[in-house]
Amino acid sequence: MIPCRGRLEVGPLPLEQGGSLPRVELAFETWGRWDPQRKNAILVCHALTGDAHVAAHDPQDRPGWWEAAVGPGRPIDTRRWFVLCSNVLGSCYGSTGPSSPVDPKVPEARWGGRFPTVTVRDMVHAQRRLLDALGIDRLALVVGGSLGGMQALEWAVSYPDRVDAVAVLAAPPASSPHAIAWNEAQRQAIFADPAWQGGDYPPERPPRRGLALARMIAMATYRGRDEWAARFGRDAVPPDDDPVAARIGLYATAPRNEAERFRFQIESYLHYQGEKLVRRFDAASYVTLTRAMDLHDVGRDRGGLDQAVARVRGRVYVLSIASDLLYPVEEQRRLVRALRRAGKDVTWHVWRAPWGHDSFLVDAAGVAQRVMDWLDEPGQDAAGLEEGAAVAVGEGRP
Ligand SMILES: CC(=O)SCCNC(=O)CCNC(=O)[C@H](O)C(C)(C)COP(=O)(O)OP(=O)(O)OC[C@H]1O[C@@H](n2cnc3c(N)ncnc32)[C@H](O)[C@@H]1OP(=O)(O)O
Ligand SMILES: N[C@@H](CCO)C(=O)O
């Protein structure tokens, strides 16, 4: 019987970029019951700041980051499917990362700035070991968005015999220079915070300003232009508003004249989003995981994209988001074309969602329903759905 929560050691892990981690633990959660006869295991892979908690386990539990997608009677119906999610290598929600002790016998000596470079391939390698330890030999589906989608794609290429289908949502075959540039600007914001200390900051004095600024920059790539225009317009914050972020000194204060006191609602929103992240995420993990995303290139050391995707055995679903500024539709088109050239079974839809890159998180139920409809209809391609067909997933803001 697989527990609904746990943490497993998956051994020393050799790393793609060199070196190794002597001891790797992965935190995981599960929903539903694994049935090897029915081959009903689905691996859900989370995005940059997510965790293994995809959905609540009972009504008293806190909601998860894909709450509307997973559960009894939900699109990924846990009466039928066994769902597993593990916190990625390098993160700060229970899996080994920069905030973990190098040696568990000396808990105060953390990896910090010495944590090695990890890649999406390393994350998937560690996850595969977790599945081995849990006795799960085959996956009916690997699904994820953004960093989660990069993992799904790596699964299809690294372990083609273990995966029947993958759904790659809002993720490219390789990170573009543009995406790397945004990540580097975010990391520099963290490095510029004097509290960073090369990554060796004490846990009670993290580089909060730097991380908040990184999140503000990132938000501008995660959400939609039209969404923000409709939501915030050019509206101003009332002058006597006293945001928490300002009170706790997260952001530099502007000059003290009336004009500088003016703040747009979008500025207030960004300040709040930065503050919200520093309450729950570790800056060194942020640096580690954004670097892993930069290094994502499914064709690396495999002779390029075409040769890499030639390894894929299972079916592939690719979902692009029309308003995605971070990984635009063209990048998934490149992946889809390579899969088609290799003769693979691939379905590609472009979702006209307004919320930008993070639409797969905002309308979780709509996206998951689309994926599960595709999973249940192997004949969909044969039925002649147009490649890159525009789809409506969900209606309005959920
Ligand atoms: C332990 C854990 O938490 S694990 C990790 C969970 N998170 C993840 O997995 C990451 C993935 N999730 C996300 O990125 C996000 O949660 C999303 C994309 C799903 C949704 O983003 P949200 O920030 O929740 O939604 P949205 O963009 O609508 O912002 C709403 C928040 O902004 C605040 N807000 C809205 N407008 C303004 C404004 N003008 N000024 C200040 N704040 C504002 C709202 O009050 C709300 O606050 P709340 O989050 O405290 O309720
Ligand atoms: N908003 C996502 C990252 C981009 O999808 C997260 O915080 O995990």
Exercise. What is the set of long-range amide H partners of Ser20 at a cut-off below 5 Å, with H atoms built 1.01 Å from backbone N?
Worked result: Leu15
For this session: Report, by chain and number, residues whose modeled amide H sits under 5 Å from the one on Glu25, excluding near sequence neighbours (fewer than 5 apart, same chain).
Result: Val10, Thr96
For this session: Take each of the peptides 23-34, 102-113, 178-189, average the number of other beta-carbon atoms within 10 Å over its residues, and list them starting from the highest.
Result: 23-34, 178-189, 102-113
For this session: Grab the other residues whose beta carbon is less than 13 angstrom from that of Leu326, score K and R as +1, D and E as -1, and report the net.
Result: -3
Exercise. Rounded to the nearest 0.05, what FRET efficiency is calculated for Gln188 and Arg225 with R0 set to 25 Å and r the Cβ-Cβ distance?
Worked result: 0.55
Exercise. How much net charge surrounds Gly135 when only the other residues with a Cβ under 14 Å from the Cβ of Gly135 are counted, with Lys and Arg +1 and Asp and Glu -1?
Worked result: +3
Problem set entry | Inter-centroid distance (Cα atoms) of the stretch 28-100 relative to the stretch 164-206, Å | 23
Problem set entry | Residues with amide H under 5 Å from that of Ala236, placed H, sequence gap 5 or more | Gln265
Exercise. In whole Hz, what ³J(HN,Hα) sequence does the stretch 198-204 give by Karplus (6.51, -1.76, 1.60; θ = phi - 60°), x for Gly and Pro?
Worked result: x, x, 9, 7, x, x, 7
Exercise. So what J values fall out for the stretch 155-172 if you push phi through Karplus, 6.51 cos²θ - 1.76 cosθ + 1.60 with θ = phi - 60°, rounded to Hz, Gly and Pro as x?
Worked result: 4, 4, 8, 6, 10, x, 7, 9, 10, 7, 7, 9, 10, 9, 10, 6, 9, x
Seminar exercise, completed: In the chain the DSSP beta bridges are antiparallel at a rate, in percent to nearest 5, of 35
Seminar exercise, completed: Computed over the chain, the Cα gyration tensor eigenvalues, each multiplied by 5 and square-rooted, give semi-axes in Å (largest first) of 33, 26, 20
Exercise. According to a simple spin-label model (label point 7 Å from Cα along Cα-to-Cβ), what is the distance in nm between Tyr272 and Lys105?
Worked result: 5.0
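Computed FRET efficiency, Cβ-Cβ of Ala390 and Ala342, R0 30 Å: what is it to the nearest 0.05?
Working: r = 25 Å, r/R0 = 0.82.
Between Ala390 and Ala342 the formula returns 0.75.
For a Förster distance of 35 Å, can you work out the FRET efficiency between the beta-carbons of Asp61 and Arg334, rounded to the nearest 0.05?
It comes out at approximately 0.30.
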For this session: Answer rounded, prolate or oblate for the stretch 179-290, using the Cα gyration tensor with square roots of eigenvalues a ≥ b ≥ c: rounded when a/c is under 1.5, else prolate when a/b is larger than b/c, else oblate.
Result: oblate
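Since every read-out is calculated from the coordinates, none of them should be taken as a lab result. Quantities reported herein were computed from a predicted structural model and do not represent experimental measurements. Please note: Cβ atoms are built from the backbone with ideal geometry, for glycine as well, and neighbour counts cover all protein chains shown.
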